[in-house]
Every structure is written in structure tokens, then in C-alpha cells.
Protein chains: 2
Amino acid sequence: MEADTPRIEEYLESIYKLQQEKHPVSTSRLAEHLKLSPPSVSEMIRKLAGKDLISHSEKGICLTEHGKTIAKKVIRRHRLSERLLTDILGFKWDEVHEEACRLEHAISPEMEERISESLGNPKTCPHGHPIPDKDGVLITEKVRPLSELKAAQKGIIVSVFEEDPKMLQYLATLGLMPDVCVRVEEVAPFGGPLIVCVSGSRYALGREVASKIKVK
Amino acid sequence: MEADTPRIEEYLESIYKLQQEKHPVSTSRLAEHLKLSPPSVSEMIRKLAGKDLISHSEKGICLTEHGKTIAKKVIRRHRLSERLLTDILGFKWDEVHEEACRLEHAISPEMEERISESLGNPKTCPHGHPIPDKDGVLITEKVRPLSELKAAQKGIIVSVFEEDPKMLQYLATLGLMPDVCVRVEEVAPFGGPLIVCVSGSRYALGREVASKIKVK
DNA sequence: CTCATTTATTAGGCATGCCTAACAACATAG
DNA sequence: CTATGTTGTTAGGCATGCCTAATAAATGAG
Ligand SMILES: [Mn+2]
Ligand SMILES: [Mn+2]
Ligand SMILES: [Mn+2]
Ligand SMILES: [Mn+2]
């Protein structure tokens with residue numbers, strides 16, 4: 001019954017992440033995220049459904065409880081790997097995603113626990129996303145995208161929903177990282193950029209980017 | 001021209017290790033070490049020869065220069081992984097082989113360097129085997145097996161050529177680890193055991209095991 | 001409502017790596 | 001020298017995961 005390959009783990013991980021954003025996960029969005037052709041994904045979807053890891057109705061792809069459990073384990077290993085890479089090996093937050101994406105499939109439960117312990121059981125990855133605990137319990141803070149703030153409102157960055165190294169590097173130069181306080185100075189109309197103030201400096205920030213920065 | 005899969009890396013790594021011991025590496029020994037069927041190995045051998053990674057004459061399998069270069073890279077990653085596992089994550093030396101054998105294929109050149117730096121560029125793995133440097137240079141100390149020592153001779157353990165966790169655990173309880181001084185008290189005749197003295201205690205040690213412990 | 005685009009699936013392949021069964025080649029013990 | 005066991009290879013398969021081309025189904029703009 002159990003037969004989890006790295007590829008299956010990777011699909012479940014992606015489905016989980018996509019579910020976070022917009023609810024119905026489609027074949028095409030999944031194919032795009034995984035950088036695979038739609039037929040490849042279509043085929044795997046059928047297999048995952050056969051293994052009772054997802055349900056595949058007309059309204060999209062959904063993880064089953066079993067699928068969600070596995071996805072959270074993969075995500076735990078991914079995020080712990082990221083922390084290992086930044087906190088112990090000195091990587092920057094924009095360098096860790098791809099590396100962690102490989103490591104997550106090569107880590108035993110024992111190593112997972114040792115990493116967690118060695119790091120003092122961290123609660124989040126370097127991008128601010130919560131790390132599911134050993135039992136799959138995931139504490140999600142109530143957040144909203146920076147793009148929803150009105151002029152003069154401020155918030156503390158909780159997480160940055162972005163994987164692209166270039167973008168992460170850019171955000172780091174602006175100081176837009178978890179735990180940092182941002183104030184919205186101005187919101188340009190017609191979907192224009194936000195003017196934000198971060199530790200004394202002002203920057204113009206596109207709506208697209210701002211929507212990926214979650215604040216509380 | 002380049003097309004290195006984890007499996008190819010694993011084969012080259014095994015061939016390299018087997019070459020260290022007895023010279024002519026045979027299909028069957030390789031199959032046994034890799035825990036694969038002889039036909040599977042036979043097939044891969046042909047492929048590796050086609051990629052100019054090994055030469056396959058009647059007198060056995062030999063790594064080419066190119067093959068040796070790749071093998072040493074894999075071994076560097078393996079041994080650095082072992083050090084990471086023991087020195088930073090708190091694993092014991094008997095718990096790291098299998099784990100490292102997976103990690104070695106999931107580590108980028110950048111991560112390899114970061115691990116090495118973070119550990120202070122270690123020269124050996126926890127079992128005392130030398131870690132090839134960035135450029136593949138490998139410093140091999142002149143050693144001889146403990147089993148070749150005569151009564152009253154002593155030596156310092158350099159390395160332990162053993163992968164089996166049970167055996168490593170056993171050796172650790174006796175204190176037979178790198179940098180430890182051993183004195184041979186007695187050598188039983190007809191291939192019998194050695195009586196050795198390690199930090200004040202005496203133990204009987206089979207020839208087989210003793211031959212895997214290298215001293216200087 | 002209809003035609004065109006987007007989205008999903010089928011069909012047919014291919015590469016990688018593994019397996020078992022059968023056979024060939026060789027060594028060597030009797 | 002022959003029978004036997006060891007070693008290696010061929011032949012034929014299978015599972016996994018990916019691809020392109022073609023087709024079907026759904027959507028939505030005019
Ligand atoms: Mn991943
Ligand atoms: Mn992250
Ligand atoms: Mn290995
Ligand atoms: Mn080692």
C-alpha cells in the first residue's frame with residue numbers, strides 16, 4: 001500500500017502549496033509549478049488518486065487526509081533543511097529553496113529529528129512559513145497580504161510567499177524579511193504600486209510582489 | 001557527454017572502494033556490494049564503459065581517470081556528509097553510513113563547500129578515511145592492518161574499513177576508533193584471534209575484524 | 001449560439017534501472 | 001578428461017516517469 005517515491009512526495013508537496021493560495025488546484029497550474037508537461041501530470045494525478053493520496057473531482061485536485069499527512073512531512077523536511085542551510089551552513093535565504101527541494105527526499109526520520117533538535121526546534125523556515133511539528137501539527141498565524149493594507153497602516157512581516165531566488169535577493173536588499181515592520185505610505189490607484197517604509201527607507205513595491213508578503 | 005545519475009555515482013563510488021581492497025574488481029563482487037543482481041551490474045558496466053568512466057578488460061573493472069575523478073567527488077560528499085552528521089547533528093559513527101549514502105547524491109557543489117568550511121575543512125571522515133579535497137587530491141597515509149602486528153607491537157588507529165553498523169557499534173564499545181593507541185599483547189596461532197590492549201583493557205579480536213582496522 | 005481558445009486526456013514512445021531464466025565460458029577436483 | 005560449480009552475459013520483462021502529437025471537453029467573447 002505504501003510506495004512513496006521522491007516524485008510522489010514532490011507532487012504532494014506542490015499540491016499542498018498550491019492549495020494554500022487559490023483553492024482549486026488544476027492540472028495545468030500543477031504542471032507549471034512542477035515544470036512538467038500537462039500529460040505527465042495528468043498521468044501522475046491518476047496514479048495519486050489510485051493510491052488515495054488525492055481526490056480528483058471536477059472542481060480540482062484535493063489532498064486526502066493521507067495525502068495531506070505525507071505532504072506535511074515533506075514540507076517539514078523541506079523547511080528544516082532550509083533552516084539547516086541558513087542557520088548552520090551560512091546560506092542566504094535566496095539560495096536554499098532548490099537545495100532543500102533535493103534534500104527533503106534524502107532525509108530519514110532520524111535525521112529530521114536531529115536537525116530539528118540541533119536548531120532548537122525552529123517554528124518557521126527562513127521565509128517565515130511554519131514548520132509542521134513531528135506529528136504534523138501546523139500552526140498557521142492569521143495574516144494578510146501587504147497589498148491589502150491601506151495608506152498609513154503598518155504590519156510586521158510574517159512570511160514571504162516566493163521561491164524565485166532573484167526576487168528573494170531583491171526583497172532582502174530592501175530589508176523585506178520576516179519580523180521586519182513595514183508601513184504603507186501610499187497606495188497608488190488603479191492597481192499601481194505601494195509606497196512602503198522599511199526601517200527608515202521608502203520603496204515603491206508592485207502589487208504582485210506585495211501580495212506575496214504576508215503581514216500581521 | 002555528461003550525464004551523471006545518482007546510480008552512476010553509486011556504481012563509481014563502489015568500484016573505487018572495492019579497488020582499494022583487492023585490485024581486480026569483478027562483476028560479482030560489485031553486485032554483492034551494491035546488493036544488485038549480476039545481470040543488472042553487467043548491463044550498467046557496459047554503459048559505464050561506453051561513457052568512458054571505466055575500462056572493462058578480462059582482468060577486471062578499472063576506473064578511468066574521468067571515472068576516478070567523479071568517484072572521488074562522490075566520496076568527498078559522502079565523507080563530508082558523515083562529518084556533518086556526527087559533528088553537527090550528533091549522530092554516532094555507526095549511524096551515518098546509510099544516511100550519507102543518500103545525502104551524497106543530493107548535495108550541490110556549493111553545499112559541499114559550505115559543509116567543508118563550517119566543519120573547518122576536516123581531513124577525514126568519522127571512520128578515519130581521508131576526504132578528497134576540492135580538487136580531488138586525496139592524501140593517503142601509509143598504514144597497515146592491525147592483524148599484521150606481532151605481539152608487543154603497537155600502533156595508532158588511523159581508520160576502520162567497515163560499514164556494518166553492528167560491527168562499528170561493537171568496535172566503539174571497545175574504544176577501537178581513530179587516533180586511539182592499540183597494543184597487540186598476543187597473537188594466537190593458526191589464524192586465531194589477537195589479544196589487544198586498548199586504554200588499559202584487554203580484548204580478544206578476530207583476525208577478520210583486525211584486518212579492517214588500519215594502524216600506523 | 002457559435003467559433004476560437006484554453007484545459008485536460010489519450011495514445012504511443014522513450015530512457016533508466018532493475019529483475020529472472022537461460023546459456024556460455026572457464027576453472028578445477030576427482 | 002569429464003563433471004561440477006562459479007562467473008558473466010543474453011534475452012526478455014517490468015515499473016517508473018517523462019515526452020510529443022492528437023483529440024476531446026469546457027469556456028467565453030462576439
Ligand atoms: Mn520539493
Ligand atoms: Mn521556505
Ligand atoms: Mn553511496
Ligand atoms: Mn566513513
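The values are calculated or read from the model by the stated rules, or taken from the named source; none is laboratory data. Because the structure is predicted, anything quoted here is derived from the model rather than measured. Don't worry about glycine lacking a Cβ; one is built from the backbone with ideal geometry, like all the others, and counts go over all protein chains shown. To get the accessible areas, we keep the full protein, side chains included, count just its heavy atoms, and leave off ligands, DNA and RNA. Shrake-Rupley method; radii C 1.70, N 1.55, O 1.52, S 1.80 Å.
A few points about this structure:
- Condition broken by B:LYS216, with the remaining ones in (1) out of contact with any Gly (no Cβ under 8 Å at 6 or more places or on another chain); (2) closer than 29 Å to B:CYS101 by Cβ; (3) surrounded by fewer than 17 Cβ atoms within 10 Å (Cβ to Cβ) satisfied: (1)
- Filter pass, A:GLU98 being facing another protein chain (nearest Cβ under 10 Å) and within 14 Å of ligand 2 (Cβ to nearest atom): yes
- Residue match in the range A:47-68 (condition: over 14 Å from the mean Cα position of the chain (by Cα), under 21 Å from A:GLY128 (Cα atoms) and away from chain B (no Cβ under 14 Å)): yes
- Counting only residues that are assigned to a loop (DSSP other than H, G, I, E, B) and either more than 13 Å from chain B (Cβ to nearest Cβ) or surrounded by fewer than 16 Cβ atoms within 10 Å (Cβ to Cβ) (or both), the range A:112-126 holds 6 of them.
- Residue tally, condition in contact with a strand residue (DSSP E or B) (Cβ under 7 Å, 6 or more places away or on another chain) and either part of a loop (DSSP other than H, G, I, E, B) or aromatic (Phe, Trp, Tyr) (or both), over the range A:127-145: 9
Rundown of residues vs (1) within 30 Å of A:SER116 (Cβ to Cβ); (2) open to solvent by 70 Å² or more (accessible area, probe 1.4 Å), yes/no style:
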position	(1), (2)
B:SER26	no, no
B:CYS62	no, no
B:GLY67	no, no
B:HIS78	yes, no
B:LEU85	yes, no
B:LYS92	yes, yes
B:GLU99	yes, no
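- Set B:LEU36, B:LEU48, B:LEU89: member being in contact (Cβ under 8 Å) with a residue 12 or more places away in the chain and either away from DNA strand C (no atom under 16 Å from the Cβ) or not assigned by TED's automatic domain parsing to the domain that holds B:PRO165 (or both): B:LEU48
- Test set (1) closer than 17 Å to A:LEU80 by Cα; (2) at pLDDT 95 or above; (3) within 14 Å of the chain's Cα centre (by Cα); (4) not charged (D, E, K, R) - A:THR140 fails condition number: (2)
- Helices (runs of 4 or more DSSP H) wholly inside the range A:3-94 that include at least 3 residues being at pLDDT 95 or above and within 13 Å of DNA strand D (Cβ to nearest atom): A:6-21, A:27-34, A:38-50
- Within the range A:1-18, considering residues that are within 23 Å of A:GLU99 (Cα to Cα), more than 10 Å from ligand 1 (Cβ to nearest atom) and away from every other protein chain (no Cβ under 14 Å), the one most open to solvent (accessible area, probe 1.4 Å): A:ASP4
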